[in-house]
Amino acid sequence: MKRLIDNRWFLMAMPFVVWLLLLVLPFILGIDNNTPNEERSRFIGNVVSSYCLLLCLFYIHTFAVYPLWDKNILLYVVALLALLIGYWLCWHLLRFEPPHIGRFVHHPSALDSLANGQPEPRLHHERHWRRSFRNPYNLSPILSSLVAILCSFCYRVILDNRARQQLVKERENINLQSELTFLRSQISPHFMFNILNNLVSLARKKSDDLEPSLINLSQLMRYMLYESDDNKVLLSKELEYLNSYINLQLLRFGSKVKVNLQTSGDLDRYTIEPMLLIPFVENAVKHGTGMIENPVINISIAVVETQNQLHFKVDNVISPLDVSKDSNSGIGIVNVRRRLAILYPNKHQLDIENQKDTFTVNLFITLAQ
């Protein structure tokens, strides 16, 4: 039901459907085969004219009079009264005499009344006016117009509430997009500083590793600046980014650090939000290389195609002397937790284990093909 209320076309078509049902209902209940043609035509004329006037009343109040409510209540009341008076005048001008039993009666003339000792026609018409005023049919324009105004007021409240909800959603989307852009653009200045220093060192030594290092750095920067602007990228592209990052880190550490990267599954079939996995690798490099003998970092990327699920795992040894780490191990993990909550609500599971000498991350994400 909430989806229907949020649907713009449903809200616009709802009054037409209701008015159509109300228009058809009197024809179903009020006319039978034995009704004379004259009364039938008068009945149809009354129904059609009344409903056309109610439609005009409904929509004029909805889109012309109701907006005055927020601007000036006194002006709204004046406009509403003018609208109701105009409706009642038009109703009395356009209506036909209502068909009812015994409606065709002979009204005696003044001479006949005096001859027969009956009251003058003026008194007869006065009594007839009083009876007519008590006739519920003559009260119908008042009741129907008030019901139409009430329905219009409720309908406009629904429209305004939907507009406010859409505005709130748009603001939330803008804020979330801004937050995601900020989170995605974050890159460790320390990492770039170390990489540039290593490249300078290779240039001075005229090492053959300079060219492939520059290529890796250019691929890394291209991915961060251009390809990561897309909403989602192929999982294989994210893997290439991880490889470029790992190669640059190995350039820094050389043979002192060993990185094992294993992949399984069809990585070209699924997409993922860009730069979502790199914080875990950065965290492993940052905290799994200092004060550790023969550091090893194990990275595993596995796609379970039967469940459309990614299993990403990173584990590294940590030094007992490294007391600055908590279970989240830095702002990078906090960053990625927030991104996961925004991008994959109820579609991910992140388990982090910080044991005595091992830090392990297990991330499960339901992927889109």
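Site pair residue 16 and residue 56 shows an inter-label distance of 2.0 nm when each label is modelled 7 Å from Cα along Cα→Cβ. Taking amide hydrogens as placed 1.01 Å from N in the peptide plane, the amide H of residue 263 sits under 5 Å from those of 301, each at least 5 positions away in sequence or on another chain. About the centre of its Cα atoms, the stretch 247-317 shows a dipole size close to 320 debye [charges on the beta carbon of Lys, Arg (+1) and Asp, Glu (-1) only; nearest 20 debye]. Close amide H contacts of residue 309 (hydrogens built in the peptide plane, cut-off under 5 Å, sequence separation of 5 or more or a different chain): 304, 367. Of the cross-linked pairs 205/356; 169/347; 169/313, which ones have a Cα-Cα span greater than 29 Å in the structure shown? Violating the 29 Å limit, Cα to Cα: 205/356; 169/313.
For residue 318, the residues 5 or more places off, or on other chains, whose built amide H falls under 5 Å of its own are 358, 359. Couplings 3J(HN,Hα) of the stretch 148-159, computed from phi: 5, 5, 5, 5, 5, 4, 5, 4, 5, 4, 5, 4 Hz, in residue order, whole Hz [Karplus 6.51 cos²θ - 1.76 cosθ + 1.60, θ = phi - 60°; x for Gly and Pro].
Taken together, the values in this text are just the output of simple stated rules run on the coordinates, not laboratory data. Please read these numbers as outputs of a predicted model, since none were measured by experiment. FYI the Cβ positions are ideal-geometry reconstructions off the backbone, even for glycines, and counts take in every protein chain you see.
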